[in-house]
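Below is one structure, written out as structure tokens; the observations come after it.
The values are calculated or read from the model by the stated rules, or taken from the named source; none is laboratory data. Because the structure is predicted, anything quoted here is derived from the model rather than measured. Cβ placement follows ideal geometry from the backbone for every residue including glycine, while neighbour counts extend to all protein chains displayed.
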Amino acid sequence: MIVSLRGTLEARGNDWVIVFVGGVGIQVSVPASTLAALGSVGSEVRLHTHLQVRDEDLLLYGFATPEEREAFLALLTVNGVGARIALQVLSTLSPGRLAAAVEANDLATLSLPSGLGRKKAARVAAELKGKLQRLAAPEPVVVAPLDPEVVQALQSLGYSFGEAKRALASLEDEERALPLEERLRRVLQSLAER
């Protein structure tokens, strides 16, 4: 079992990286949160990994923290949630936020990731209740409150959770009271200026 990987970041895509380790380039699927936490191409990286053997394929998944890996493995135990959906969940929700939503049975938050509708969100809440409590430790205060509608709209346009979160930070307090379309327009304008 490969549980961690350390090497040079050789390439990156929307949901994968290639890490060069001992003369071998290893492709690793990662959530957007991990992708945002990694440095630029050429930097030294360390990933906490999970190797999945499926049919004749070896699939390696990587995470910036052990908590992300733990949440990923817990999600895989839920009936109907595969690796692709689990990565999407962790691209949208931090392990702490996921754990808090599961414990509170917060289906609105659990339904935010694409691919996880209300029915699957209810299954995640039911099957993981009490199993993620260790991850529900208080997280650092987020400067800009999240706007789930804008985050979901940006993700449907192809932006990552991290990009959406950073763009939301550009909104002033009075702008947060504007209608959804106007908030989205201003956030997209902010993203275009970067």
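Observations
- Filter pass, Ala64 being among the small types (Gly, Ala, Ser) and at pLDDT below 90: no
Each row is one residue, and each column tells you yes or no for (1) over 23 Å from Ala126 (Cα atoms); (2) free of Cβ contacts under 8 Å to residues at least 24 places away in the same chain; (3) among the polar types (S, T, N, Q).
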| site | (1), (2), (3) |
| --- | --- |
| Glu10 | yes, no, no |
| Gly25 | yes, yes, no |
| Leu35 | yes, no, no |
| Leu51 | yes, no, no |
| Leu59 | yes, no, no |
| Glu70 | no, no, no |
| Val78 | no, no, no |
| Gly82 | no, yes, no |
| Thr92 | no, no, yes |
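- Residue list for the range 75-105, restricted to those being assigned to a helix (DSSP H, G or I) and either assigned by TED's automatic domain parsing to the domain that holds Ala37 or over 17 Å from Ser29 (Cα atoms) (or both): Pro95, Gly96, Arg97, Leu98, Ala99, Ala100, Ala101, Val102, Glu103, Ala104
- When residues of the range 108-122 are limited to those that are part of a helix (DSSP H, G or I) and in contact (Cβ under 8 Å) with a residue 12 or more places away in the chain, the one surrounded by the most Cβ atoms within 10 Å (Cβ to Cβ): Leu110
- Taking the criterion of being of a type in the set (Ser, Thr, Tyr) and part of a loop (DSSP other than H, G, I, E, B), the residues of the range 1-54 that qualify are Ser40, Ser43.
- Selection count, the range 3-54, where residues are under 16 Å from Glu163 (Cα atoms) and surrounded by fewer than 13 Cβ atoms within 10 Å (Cβ to Cβ): 4
- Against the test of being in contact with a helix residue (DSSP H, G or I) (Cβ under 9 Å, 6 or more places away or on another chain) and either more than 30 Å from Gly7 (Cα to Cα) or surrounded by 22 or more Cβ atoms within 10 Å (Cβ to Cβ) (or both), the options Ala125, Ala83, Ala64, Ala74 yield a single qualifying residue, Ala125.
- Failed item, numbered, when Asn105 is tested on (1) surrounded by 12 or more Cβ atoms within 10 Å (Cβ to Cβ); (2) of a type outside the set (A, V, I, L, M); (3) within 22 Å of Arg166 (Cα to Cα): (3)
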